[in-house]
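The values are calculated or read from the model by the stated rules, or taken from the named source; none is laboratory data. What you are looking at is a predicted structure, and each value in this text was computed from that prediction instead of being measured. When we count neighbours, we look across all protein chains shown, and the Cβ atoms used for this are built from the backbone with ideal geometry, even at glycine.
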Amino acid sequence: MLHVFRGLFVAICGLLGWQIGVAGHSAPVWQGIVIGVGFGLCCVLLELYFARRFISIISSVMFGVVFGFIVWLIAMKTLALVPQFTPGVHVELALLIVLSALSILSILHAKDDFKFVIPFIEFRREGGPGGKPLILDTSAIIDGRIADVLDQHAFDGRIVIPKFVLLELQSVADSPDRLKRARGRRGLDILNRIRTDHDGRVTIQDATLPDIEGVDAKLVKLAKLIEARLLTLDFNLNKVAQVQGVEVINLNDLATALRPPLIQGEKMTVRIVKAGESPGQGVGYLEDGTMVVGEDCATRIGQEVELVVSNILQTSAGRMIFGKPALKGSEASPTGAAPR
């Protein structure tokens, strides 16, 4: 249907070009038709290239012009009440252009920050055929599992990456703390992978929401504005979003419903970075930030240790893996009992 409409539009442009060329400028018939058809094709190509963004901008410009005209009309009626004041045509035209331009700029800058509602019309994007948009927060990007989930087409809606999440991810990657810096850089790599594999679905949301403090509060507000789902691993953000009526997907809860990547008795290698809370325990982290607690590893800080998984705790707040050093020359038998 859209192709038929585009074809009719180009044909009408050709007829108008022929009419204007012959009646107004006495130009040859073919010249007016060529100019008209060329103009129509340019408009169609712009519409195809910019797709939904083109429609959004055109809608904003149209409503901006209408709103600017209404304000101009009110201003002219008000000025007409002033005695001995008769603005000329040039003043009226200049005022109309200025007010329309200001209205267009205001709508273009603010349409993503709040719902600008005109009866039965609102400036927001629909989720599309794949359902509601999916907003990713910093923790979900750093975790990395979301890239594999998206590759399996578990979520077919539009993927939204807010600009303030990108800034937070960049600040983590620039952190003086070595572990935070590594996690931030991992998050940037995961984000680049998502954008490469799902470029047609990824949208960078430029809304900054300057009146709202905190990234978590901005995420909840943005999710409510564009009616999107929020994907996170942050336990507190999960609860706050649910209280405010935002649909949340906790990746940890999703992982709980699936088989964990490690089971008791499997071996893994982890670098011990600090001592644990209990005597003798050492703590390390996997690439996705999962905490690994090793028994009898307090004296091996800074070393790569091979552990045998003894227990896995998976909750909404995250996952913790407990293990014991593998015995040299023989298989270590898993204990299955949770350490203190």
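Odds and ends about this structure:
- As a summary of the residue check, Ile35 satisfies the conditions (1) at pLDDT 80 or above; (2) in contact with a His (Cβ under 9 Å, 6 or more places away or on another chain) except for the one numbered (2).
- Qualifying positions in the range 169-203 - among the aliphatic types (A, V, I, L, M) and under 14 Å from Ile141 (Cα atoms): Leu169, Val172, Ala173, Ala182, Leu188, Ile190, Leu191, Ile194, Val202
- The requirement of being of a type in the set (Asp, Glu) and under 30 Å from Val270 (Cβ atoms) is fulfilled somewhere in the range 189-200, by at least one residue.
- Spans of helices (runs of 4 or more DSSP H) in the range 80-189 with at least 2 residues modelled with pLDDT of 80 or more and touching a Ser or Thr at 6+ places or on another chain (Cβ under 7 Å): 138-143, 163-173
- Here Thr232, Thr203 are screened, and the one residue that is of a type in the set (S, T, N, Q), over 30 Å from Val309 (Cα atoms) and surrounded by 15 or more Cβ atoms within 10 Å (Cβ to Cβ) is Thr203.
- Of the residues making up the range 8-27, those that are exposed (fewer than 12 other Cβ atoms within 10 Å of the Cβ) and either modelled with pLDDT under 80 or not in a helix (DSSP H, G or I) (or both) are Ala23, Gly24, His25, Ser26.
- The set of residues in the range 82-92 being surrounded by fewer than 12 Cβ atoms within 10 Å (Cβ to Cβ) and out of contact with any Leu (no Cβ under 7 Å at 6 or more places or on another chain) consists of Val82, Pro83, Gln84, Thr86, Gly88, Val89, His90.
- Test: Thr232 is touching a residue at least 60 places away in the same chain (Cβ under 8 Å) and of a type in the set (Val, Ile, Thr): yes
- Options Val246, Val240; residue that is surrounded by 15 or more Cβ atoms within 10 Å (Cβ to Cβ), in a loop (DSSP other than H, G, I, E, B), assigned by TED's automatic domain parsing to the domain that holds Leu166 and at pLDDT 85 or above: Val246
Okay, residues lined up against (1) among the polar types (S, T, N, Q); (2) within 19 Å of Glu247 (Cβ to Cβ); (3) free of Cβ contacts under 8 Å to residues at least 12 places away in the same chain:
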{"position": "Lys132", "(1), (2), (3)": "no, yes, no"}
{"position": "Ser139", "(1), (2), (3)": "yes, yes, no"}
{"position": "Asp148", "(1), (2), (3)": "no, no, yes"}
{"position": "Gln152", "(1), (2), (3)": "yes, no, yes"}
{"position": "Val165", "(1), (2), (3)": "no, yes, no"}
{"position": "Ile194", "(1), (2), (3)": "no, no, no"}
{"position": "Asp199", "(1), (2), (3)": "no, no, yes"}
{"position": "Thr203", "(1), (2), (3)": "yes, yes, no"}
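- Any hit, the range 206-224, residues being within 17 Å of the chain's Cα centre (by Cα), polar (S, T, N, Q) and at pLDDT below 85: yes
- For Glu213, the test of being among the acidic types (Asp, Glu), on the phi > 0 side of the Ramachandran plot and either in a loop (DSSP other than H, G, I, E, B) or touching a Pro at 6+ places or on another chain (Cβ under 6 Å) (or both) is failed.
- Where Glu306 falls short, out of the listed (1) modelled with pLDDT under 90; (2) surrounded by fewer than 18 Cβ atoms within 10 Å (Cβ to Cβ); (3) in a strand (DSSP E or B): (1)
- Which listed residue is under 25 Å from Ala147 (Cβ atoms) and assigned by TED's automatic domain parsing to the domain that holds Gly187, from Leu262, Leu222, Leu286, Leu209: Leu222
- For the range 273-292, the candidate set comprises residues that are more than 34 Å from the chain's Cα centre (by Cα) and not in a loop (DSSP other than H, G, I, E, B); within that set, the residue that is surrounded by the fewest Cβ atoms within 10 Å (Cβ to Cβ) is Lys274.
- The residues of the range 288-310 that are among the acidic types (Asp, Glu) and under 16 Å from Gln264 (Cα atoms), listed by number, are Glu295, Glu306.
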